[in-house]
Each structure stands twice: as structure tokens, then as C-alpha cells.
Amino acid sequence: MVTITLLCSSALVGGFGYLIADSSTERLLAGAQEDAERRFDNGVKTAIQQLSAIPSAESPDMNGQVIRLLSSLTSGQDGLVATMRFSRETVPSLSSQGLAWPQGLTLAPVITDGLEQEILANRKAHEYIEADIGDGKHTYLVYGSPVPVPKWRGGSVELYYILPVDTELNVARDVQSTISFVGVALILLLGMVTALVTRATVSPVRVAARTAQRLSAGLLDQRMVVKGEDEMALLADAFNQMAANLQRQIVRLEEMSRLQRRFTSDVSHELRTPLTTVRMAADLLYSERDSFDPASARSAELLQAELDRFEELLTDLLEISRFDAGFAMLDAEPTDLVTVVQRVTERLAPVAERVGVELELVAPDPPVIAEIDPRRVERILRNLVGNAVDHGEGRPVVVTLGLDKRAVAITVRDHGVGLKPGEEKLVFNRFWRADPSRARQTGGTGLGLSISLEDARLHGGWLEAWGAPGHGAQFRLTLPVRAGGRLSGSPLPLVPEDHATARPKPGPTVVTA
């Protein structure tokens, strides 16, 4: 703002200063020129009268008469130099050098050829000349005119007035210097005023920005200082009220979240005791189901299955509560991921065979070693492969393992119904299901992918999803090779190679951890 003000004010003041200085110089010189022209015209008339009074150009006192004429013309006019030049035909004794008053001055430098040609053409003319005629270098206004003398036959008489205009030029320079000084002072004053106004205006905004940054960093007790009753004070007061309201709302939400997490954790823990008792009774009934009638035996089987699912749900709720409370810990150790993937596929192979799904593992030959928590990674893979079996529509499920210097990746590809547009963002939400009516082969609580996402985040990795209706889906887990490492890419593509030439719908949409 200060720079813009200085540039604009410099251009404006400079333009006006130039116009004023130029106008002042022109007026001063124009005034000097009008005065000189008036005096010159009077001098020409006087010269005509006095030369006409001389009966003959061959008069023996011609030289003295011309000197007295020039002296009368310059009398009482400071700085004026008058000179008359005569042609040889007019006054042979004076030749073409003429006479000047005051005497002793060299006038040739101020009478230029151009001026002389104008006089010879019987026209009055004037010029500004900078020259030295014997008293130093000065600027002169030179007027010249022919002087007609009817009694003298032939030849010509020329009268020149040489007037110094240094005074007018010095005044013009003083005016220019004054305008320049005033202009610079005005520009500096405008810059100072703009700087003060800008500082007074921007400082509260900067304070508000810093306070807002501290609030966003979690320092909810930060407030602005309110001074005075102007608009900035009103802004600071409104900002403080907004911050106070946000603090109350955030504290209330944090308290509600804390109570919710505590409630979930307490309920999960409290349900363990009655669940253990019910589990013991259900196990006893389930072991004796062969001695029951068919309806009671079926009831014992259903009770056993639902208790398994209920116990799994409690386990997932406890795990979610640990993530929400920030108590989840990573127990990383160097682990061969090929072994982990094989263990998961072998465990889910019976379920896949039951629904006619073939599990295929694609892994490099050497061991793939990474610093991971094997329990958590195995849980992620169980959820991904189990979902692929449930939604694979009886088609093969391919589990691919890849690695590079910084990361390892595992993709789980199915060729089932796929994901609808926008569902890639929802699959990791808690208790979300693409099709609630679909029969599941691996059970499930609706929390598996949510827990998998948190496990991936705990490793500093990514869990991403891609899908297209009718073309299946693919999930990709990317983990750093070393615990605490940062990821910059993944060894495996998110979009399957068999669908790379087709346009994903939409896609791919990435949900990163």
C-alpha cells in the first residue's frame, strides 16, 4: 500500500510540478520578451527619426552621431546592449562591422546567420542565444530589425537589441527547485501518512490472524485486546465473542465425545461378565444339542452363532474405543508379509470354497520384510479378503503383494458387483454396508473396515479403495518399510490393470489414512 501510494503520488506530483514549472518559465520569458519587444519597437522609431535628421550618410560626424544615438537608446535600461550595422553602400567609413554601445563588446557570437538572414529579408526577428560577448557567458534575448532611412539611397541599416535574461531564468530555476522540494516533501508526507494509516488498519487484522492461528492450533483461551470504541474495537469484540462461543461449543463437543467413548468402553467391559455367563450356558446347550428335539437343537445352534457375533462386536467396540481415546499402540517388528498373507488366505480358504470363490496369491519370491505390527496387519487383510469373498459373486479374488525401497503394498481384487459412484468414500464409515440385505459368509459387525483404516493410520500407511459397478472393487494397503517412515508413493497401482484402459466411475476415489 505504501509503495503504491508513493508511486501514484510521485507520478501525480511530478506531472503537476512539471506543468507548473514549465508554465512559470514560459510566463517569465514571455513577460521579458514583451517588455523587450516594446522597448525595441520604440528604439527602432527613435533610430528612424534621428537617422532621418542626418542630411547625408557621408557626414563627417557620422560616427559620433551613431554613437550618441546608441547611447540614447540604452540610457536608463540596465544590461541593454544596442548595435547598428551599416552596409558598405550606406556608410563606407563604418563598413559592415557597425557600432555598439556600450563599446568594447564582441557582438558577433550573438548575431547568428539565421537572424541576419531574417533582417536582410526586411523582417523583424528575435532569438535566445547563450554566448560570451566579453562579460562572461550569459543567455541573451536578441532582437533585430531593418531601419529604413528614406533620405539615404541604397544600402541598409540594421538595429539589434541584446538583452540578458539570466534573471528570469534564475527565477524560473528557483521556482523549479521550490516545486521539486515541495513535491518531494509532499510525497514523503503522503508516504508517512499512508504508512501510519495502513499500520493502524492492518495491525488489528494481523493480531486477529495470529489469534485465529492460535485458536486453530488448539489454544482456545486466546483473545484480542479491545481498545477504544472504533470499528477495530468492534471487530475485536466480535472476534472475542466468536472465539468464546467456539470454545464453549468445542468444549461441549469434546465432553460429549469423551462421555460417548467412556460409555462405549464401559458398556463393552460391563457386558463381558454377563456374556461369559451366557457363553458358558450356551456352550453347554450347544454340546447337548444332539439330545434335543430338532427345534431346540436349531435354537441352540442359532444362540451359539449369535453369541459368537456378539462377542466379536464387543471386541470391535473395545478396539474402536481405544482408537478414539488415543490409547492404541503399535507393536512393530520385522515381519515377512508373505507369511502373513498366506496365513490369512489359508484361514479364509474354507469359507471361499464354500461359496465357490478361488483365492489367488501373487507375491514375489524373496521374503518381503517390513517393520509392522503383524496382528494388526493380519486383521486388516482378514477384513479385506473377507469382504472380497462376500461380494465376489463366486469369481476369483486376487491378493497381490508388491514392494520397493520405501514401501510395501497389498491389493485385494474381486470381480463382483463393485462399488457405486461415491461409495468409495463410505466404505470406511462405521456400520456402513453397501447392501444390507446381502447374505454374508464371514459374519461381520460393520466395523471391520473402520478398524482397518485406523490400523493403517497407526502404521503411518494408506488404505485406499477403488470400484466400478459391474467391474468389481480393489482395496490397496500401503505401509512404510520402516516403522515411522513417510510414504511418497505405492509399489502397486490402485486401479487394476484389467481396468486401466476403462474410465473409472468415478475414479479412482482415494480414501487415505
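Brief remarks follow.
- Angle in degrees between helix 294-325 and the longest Cα principal axis of the chain, rounded to the nearest 10: 30 degrees
- Asp331 paired with Arg262, simple spin-label distance in nm, labels 7 Å along Cα-to-beta-carbon: 2.8 nm
- Per-residue ellipticity at 222 nm computed for the chain from its helices equals -18000 deg cm²/dmol, with DSSP H segments shorter than 4 residues left out and the rest contributing -39,500 (n - 2.57).
- Between the residues Val149, Gly472, Thr5, the greatest Cα displacement towards the positive end of the dipole of the chain, with unit charges on the Cβ of Lys, Arg, Asp and Glu, is found for Thr5.
- Once the chain from Leu188 to Glu312 is taken as fully extended at 0.36 nm per residue, the excess over their C-alpha distance is 36.9 nm.
- Averaging the Cα positions of each part gives two centres, and for segment 280-319 and segment 154-232 these lie 88 Å apart.
- Listed residues Tyr140, Gly461, Leu188: farthest to the positive end of the dipole of the chain (Cβ charges): Leu188
- Under the combined filter of DSSP loop state and at most 16 neighbouring Cβ atoms within 10 Å, segment 459-499 retains these trypsin sites (Lys or Arg not before Pro): Arg482, Arg486.
- Per-residue packing, averaged as other Cβ atoms within 10 Å, sorts the ranges 108-114, 408-414 into the order 408-414, 108-114, beginning with the highest.
- Projecting the Cα atoms of Val408, Gln304, Val110 onto the dipole axis of the chain, where Lys and Arg carry +1 and Asp and Glu carry -1 at the beta carbon, places Gln304 farthest toward the positive end.
- Over the chain, relative contact order from alpha-carbon pairs under 8 Å, at least 6 apart, %: 9 percent
- The charge dipole of segment 266-310, taken about the Cα centre with unit charges on the Cβ atoms of Lys, Arg (+1) and Asp, Glu (-1), comes to about 40 debye, rounded to the nearest 20.
- Relative to the Cα centre, the charge distribution of the chain, modelled as +1 at Lys and Arg Cβ and -1 at Asp and Glu Cβ, gives a dipole magnitude of about 460 debye.
- Multiplying the residue separation of Leu196 and Arg38 by 0.36 nm and removing their Cα-Cα distance gives an extension gain of 51.3 nm.
- With N as its number of residues, segment 186-264 has a Cα radius of gyration that, divided by 2.2 N^0.38 Å, comes to 1.62.
- For Val157, the residues whose modelled amide H falls within less than 5 Å of its own, excluding neighbours fewer than 5 places apart on the same chain, are Val147.
- Accessible surface of Leu271 - all protein chains present, 1.4 Å probe, nearest 10 Å²: 60 Å²
- Convex hull volume per residue, computed on the Cα atoms of segment 139-250, equals 196 Å³.
- Summarising the amide proton neighbourhood of Gly416: residues at separation of 5 or more, or on other chains, whose placed amide H is nearer than 5 Å comprise Gly472, Ala473.
- Degrees separating the helix 231-287 axis from the principal Cα axis of the chain, which is the longest one: 20 degrees
- Lysine pairs in the chain whose alpha-carbon atoms fall under 24 angstrom of each other, counting only those eight or more residues apart or on distinct chains, come to 5.
- Distance between the modelled labels on Glu229 and Arg457, one decimal in nanometres: 5.0 nm (7 Å Cα→Cβ projection).
- Point-to-point label distance, Asp221-Ser287, nm (Cα→Cβ direction, 7 Å offset): 6.1 nm
- Along the chain, counting only chymotrypsin sites (Phe, Trp or Tyr not before Pro) with a DSSP assignment other than H, G, I, E or B and at most 15 other Cβ atoms inside a 10 Å radius, the longest segment between sites is 1-291.
- Axis angle, to the nearest 10 degrees, between helix 62-74 and the longest C-alpha principal axis of the chain: 40 degrees.
- Answer label for log10 I(q)/I(0) by the Debye sum over Cα atoms at q = 0.05 Å⁻¹ (calculated), chosen among (1) -0.54; (2) -0.25; (3) -0.45: (1)
- Assigned charges on the beta-carbon of Lys, Arg, Asp, Glu; segment 190-268 dipole about Cα centre (debye): 300 debye
- Relative contact order of segment 287-378, defined on C-alpha pairs under 8 angstrom at six or more residues apart (%): 32 percent
The values are calculated or read from the model by the stated rules, or taken from the named source; none is laboratory data. Please read these numbers as outputs of a predicted model, since none were measured by experiment. Note that we place each Cβ from the backbone using ideal geometry, even for glycine, and neighbour counts take in every protein chain shown. Areas reflect the complete protein model, heavy atoms only, side chains present, ligands, DNA and RNA absent. Shrake-Rupley method; radii C 1.70, N 1.55, O 1.52, S 1.80 Å.
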